[in-house]
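Reviewing the structure listed below.
The values are calculated or read from the model by the stated rules, or taken from the named source; none is laboratory data. If you're wondering where the values come from, they're calculated on a predicted model, not measured in any experiment. Cβ: placed from backbone, ideal geometry, glycine included. Neighbour counts: every protein chain shown. The area values use the complete protein model at the heavy-atom level, side chains included, leaving out ligands, DNA and RNA. Shrake-Rupley method; radii C 1.70, N 1.55, O 1.52, S 1.80 Å.
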Amino acid sequence: MSFLKAEWRKLALANYVIDKKLLDKYLPIGTELDLWNGNCYVSLVGFMFVNTKLLGLKIPFHTNFEEVNLRFYVKRFDNGEWKRGVVFIKEIVPKRALTFVANTVYNENYETLPMEHSWSSSNNRRTIQYRWKKSGKWNSIKIDASIEKFKIESNSEIEFITEHYWGYAKVNQSKSNEYEVTHPRWEVYKVNDYEIDIDFGTVYGKEFESLNSATPVSVMLAEGSEITVENKKTIKITTQQ
């Protein structure tokens, strides 16, 4: 049985090129950075969890909720093939129980904050916004996009961003957690405009303060789908002296 089943819907993604050295302390043992055209990316991702089930059960008041995370991309060579995955610097949700389970079971870095979202659409425009409050300030990502959905092109930047099917979390210097995330290939909307108002230093730490004045190299909106998060596996690597 999958650890978690849900839908991830209306994923707003803002992608930034960052200095690889800033990610050294977050890199799980057994993985290496996965680059796009030689560039190291971090992505801010806001979306909705819908119809969430934990171990097959719906938890009252915890089925539909927002999440915003900051993540980067890694790969791990295992059994003759590369597994492409993500590492979360921080994941923000509005429910304390979610934070407790994720941090305890998967060794993730979840934080509970006030959150809200808005979705609206008209004949020719779709607007998606996610907001969260930290230290008295509301942070937000807002995207205006097309009504129509499009298929993701092969070998494209958006394929790189969305087609990572493993999650990794650093436990310590010799141990990492690995888990599989399953979902079909997503469809995307054409982004026409966006607004990002985030104090990255306050939300994610001083090393990410430079993103306050950075312009994302790309902004995307994916429809999402049903997903599963499978049970974790522990990777242990011992270094011989």
> Taking the condition open to solvent by 60 Å² or more (accessible area, probe 1.4 Å) and under 15 Å from the mean Cα position of the chain (by Cα), does ARG71 pass?
Replying inline: no
>> Looking at the range 135-177 only, could you name the residues that are polar (S, T, N, Q) and part of a strand (DSSP E or B)?
In response: ASN139, SER140, SER146, ASN172, SER176, ASN177
>> Restricting to the range 98-132, and then to whatever is among the aromatic types (Phe, Trp, Tyr) and part of a strand (DSSP E or B), can you tell me which residue is surrounded by the most Cβ atoms within 10 Å (Cβ to Cβ)?
In response: TYR130
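Residue-wise test of (1) over 30 Å from LYS5 (Cα atoms); (2) in contact (Cβ under 8 Å) with a residue 40 or more places away in the chain; (3) of a type outside the set (Lys, Arg).
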site	(1), (2), (3)
ASN124	yes, no, yes
ASN139	no, yes, yes
GLU180	no, yes, yes
LYS190	no, yes, no
ASP193	yes, yes, yes
PHE208	yes, yes, yes
LEU211	yes, yes, yes
THR215	yes, no, yes
MET220	no, yes, yes
> Of the residues that sit in the range 1-44 and are of a type in the set (Gly, Ala, Ser), touching a Ser or Thr at 6+ places or on another chain (Cβ under 8 Å) and over 13 Å from ALA214 (Cβ atoms), which one is most open to solvent (accessible area, probe 1.4 Å)?
Replying inline: GLY30
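Residue by residue, here is whether (1) closer than 16 Å to VAL45 by Cα; (2) among the small types (Gly, Ala, Ser) holds:
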position: LEU113; (1), (2): yes, no
position: TRP119; (1), (2): yes, no
position: ARG125; (1), (2): no, no
position: SER146; (1), (2): no, yes
position: TYR179; (1), (2): no, no
position: VAL191; (1), (2): yes, no
>> Based on this model, can you work out whether LYS95 counts as closer than 27 Å to LYS20 by Cα, charged (D, E, K, R) and surrounded by 16 or more Cβ atoms within 10 Å (Cβ to Cβ)?
In response: no
> Tell me, which residue of the range 146-177 that is in contact with a Ser or Thr (Cβ under 8 Å, 6 or more places away or on another chain) and of a type in the set (Val, Ile, Thr) is surrounded by the most Cβ atoms within 10 Å (Cβ to Cβ)?
Replying inline: ILE161
> Identify, please: which residue in the range 133-145 is of a type in the set (D, E, K, R) and either over 16 Å from LEU11 (Cβ atoms) or touching a helix residue (DSSP H, G or I) at 6+ places or on another chain (Cβ under 6 Å) (or both) and is, among those, surrounded by the fewest Cβ atoms within 10 Å (Cβ to Cβ)?
Replying inline: LYS137
> Of all residues in the range 45-58, how many are touching a residue at least 24 places away in the same chain (Cβ under 8 Å) and open to solvent by 40 Å² or more (accessible area, probe 1.4 Å)?
Replying inline: 5
